[in-house]
1. Sort out which residues of the range 50-72 are within 22 Å of Ala323 (Cα to Cα) and either of a type in the set (Gly, Ala, Ser) or surrounded by 20 or more Cβ atoms within 10 Å (Cβ to Cβ) (or both), and write them in order of number.
2. Is there a residue being within 25 Å of Gly87 (Cβ to Cβ) and touching a Leu at 6+ places or on another chain (Cβ under 8 Å) anywhere in the range 157-166?
3. So which residues in the range 87-110 are more than 30 Å from Gly139 (Cβ to Cβ) and part of a loop (DSSP other than H, G, I, E, B)?
4. Need a quick list: helices (runs of 4 or more DSSP H) entirely within the range 383-462 having at least 1 residues that are over 24 Å from Arg360 (Cβ atoms), over 24 Å from the mean Cα position of the chain (by Cα) and not acidic (Asp, Glu).
5. Quick check, is Ala265 modelled with pLDDT of 95 or more and over 20 Å from the mean Cα position of the chain (by Cα)?
6. Quick one: which of Ile341, Ile327 is part of a strand (DSSP E or B), buried (at least 16 other Cβ atoms within 10 Å of the Cβ), in the same structural domain as Ala393 (by TED's automatic domain parsing) and touching a strand residue (DSSP E or B) at 6+ places or on another chain (Cβ under 7 Å)?
7. Give me a count of the residues in the range 432-450 that are free of Cβ contacts under 8 Å to residues at least 24 places away in the same chain and closer than 15 Å to Phe354 by Cα.
8. Name every residue in the range 117-157 that is basic (Lys, Arg) and either over 22 Å from Phe282 (Cβ atoms) or crowded, with 21+ Cβ neighbours inside 10 Å (or both), in order of residue number.
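The values are calculated or read from the model by the stated rules, or taken from the named source; none is laboratory data. Not measured: the values here are computed from a predicted model. Note: ideal-geometry Cβ built from the backbone for every residue, glycine included; neighbour counts use all protein chains shown.
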Amino acid sequence: MTGREPWFRTLLIANRGEIALRIARTCREAGINVAAVYSTEDADTTLVRTADVAVRIGPPPARQSYLNMAAILEAARRCGADAIHPGYGFLAENADFSAACAANGIAFVGPSAAVIATLGDKVRARMLLAGHGMPMLPGSLHPVGDVTEAAAVAGQTGFPLIIKAAAGGGGRGMQVVHEPAQLAERYRGTRSAAQQLFGDHRVYIERYIAGARHVEIQILCDAFGNALHLGERDCSVQRRHQKIVEETPAPGLPHALVQRMAAAAIEGARAAGYVGAGTFEFLVDEAQNFYFMEVNCRIQVEHPVTEMATGIDLVREQLRIAAGHPIQLRQADIRPRGAVIECRVNAEDPDRGFAPAPGRLTEFSPPAGPFVRVDTYAHPGCRISAAYDSLLAKVVVAAPDREQAIARMHRALAEFRVSGPGVTTTIPFLHRVLDDPAFRRGAHDTRLVASMLDGADRRAVPASAPA
């Protein structure tokens with residue numbers, strides 16, 4: 001059919017929820033058959049009902065279903081899938097899964113196993129990229145083996161510092177240490193948590209910047225040496241290192257600074273031999289110095305922000321690259337427009353410490369209207385499971401400028417109707433974030449949500465910060 005690009009015959013989506021539906025929609029437009037896998041908990045989802053073929057892979061616990069590589073590969077064989085898209089989370093950054101796909105003659109929509117093994121390991125990534133001039137926070141380039149070594153590193157970096165799991169991700173496996181008396185206990189606690197969460201006890205130490213901005217650069221790289229960036233996303237609004245609101249452009253950051261971060265991301269991607277879509281994440285301090293944090297070797301939860309700003313379908317680009325095609329875009333073609341904001345609507349209760357609030361939805365009516373996008377898997381009658389992440393929907397708005405984008409997001413969230421026994425959402429809290437004076441003038445940093453929750457004063461960035 002005209003306009004379709006069958007880069008693959010059948011693509012298996014090794015994921016669930018809104019990202020699985022998001023991937024399926026691009027596959028439909030490209031003329032690619034959609035194969036779904038599902039746990040028994042997800043048997044009655046929209047993806048399962050609409051996929052060309054769906055295979056049950058296990059019970060609700062993720063380790064027995066969405067993390068079960070053998071079951072997913074067997075499902076791919078049964079479906080005749082010639083490609084697997086892992087989405088984000090679960091097996092998306094698992095080097096063994098990427099290698100297993102290759103060994104079975106299945107295209108993995110993501111980087112190679114070798115690249116994931118390097119960049120997915122934060123210690124190895126720091127060692128590689130530091131050697132190519134990437135700005136790094138003071139700290140250890142090697143795993144810190146014991147409390148004595150941790151104290152020696154702390155003597156060089158000073159306090160506060162942060163201890164991170166080498167295999168960590170998603171905001172998990174890290175603890176901040178404010179004073180020497182806390183170091184030994186939190187070092188041991190982070191090692192223990194890293195072993196339990198990731199099966200890898202290795203940790204490293206960095207200087208901790210309390211008043212930082214969290215800014216990331218979206219990249220695309222192909223196997224022919226082409227690499228480009230699609231601009232930045234500011235992810236500074238977060239709770240316990242979990243992002244809540246993302247936006248572009250990053251308010252208050254000079255264009256020249258963003259361009260330097262983008263150049264560093266491209267250089268880092270080339271140094272690692274990166275192929276696919278990925279994200280380089282940075283911290284920006286109050287003096288507007290930037291430092292490398294990590295690389296996400298996958299599509300991001302917040303990728304719609306970039307799509308809305310640039311008009312580029314990132315999943316489509318992922319599929320083209322995975323099928324062995326060069327990037328058709330040039331850097332000069334990337335022209336982000338206006339302001340875009342994304343709010344993550346979670347089934348959580350902010351009044352109970354953001355505890356998960358699962359249940360069956362009796363009402364679900366998402367917002368609509370001009371320049372509003374909602375990525376969700378939910379519908380009336382849908383069950384929000386306690387077995388998985390609490391993300392219910394992503395509301396994304398675009399406008400000519402940031403002030404109009406904030407107003408549009410307020411309107412969109414006010415239109416959202418979600419209810420059901422036991423179900424509570426973060427929508428009221430998101431309104432509070434949008435109304436926060438520091439957020440409204442683009443003077444916030446990663447301390448914003450904590451200060452809102454505890455009522456403590458925070459050191460505000462001047463309203464006259466560079467635009």
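1. Of everything in the range 50-72, those that are within 22 Å of Ala323 (Cα to Cα) and either of a type in the set (Gly, Ala, Ser) or surrounded by 20 or more Cβ atoms within 10 Å (Cβ to Cβ) (or both) turn out to be Ala51, Ile72.
2. There is at least one residue in the range 157-166 that is within 25 Å of Gly87 (Cβ to Cβ) and touching a Leu at 6+ places or on another chain (Cβ under 8 Å).
3. If the condition is that a residue be more than 30 Å from Gly139 (Cβ to Cβ) and part of a loop (DSSP other than H, G, I, E, B), then Gly87, Asn104, Gly105, Ile106, Val109 are the ones that fit.
4. The qualifying helices (runs of 4 or more DSSP H) are 402-415, 437-440.
5. No: the conditions fail for Ala265.
6. On inspection, the qualifying residue turns out to be Ile341.
7. Number of matching residues: 1.
8. Lys122, Arg126
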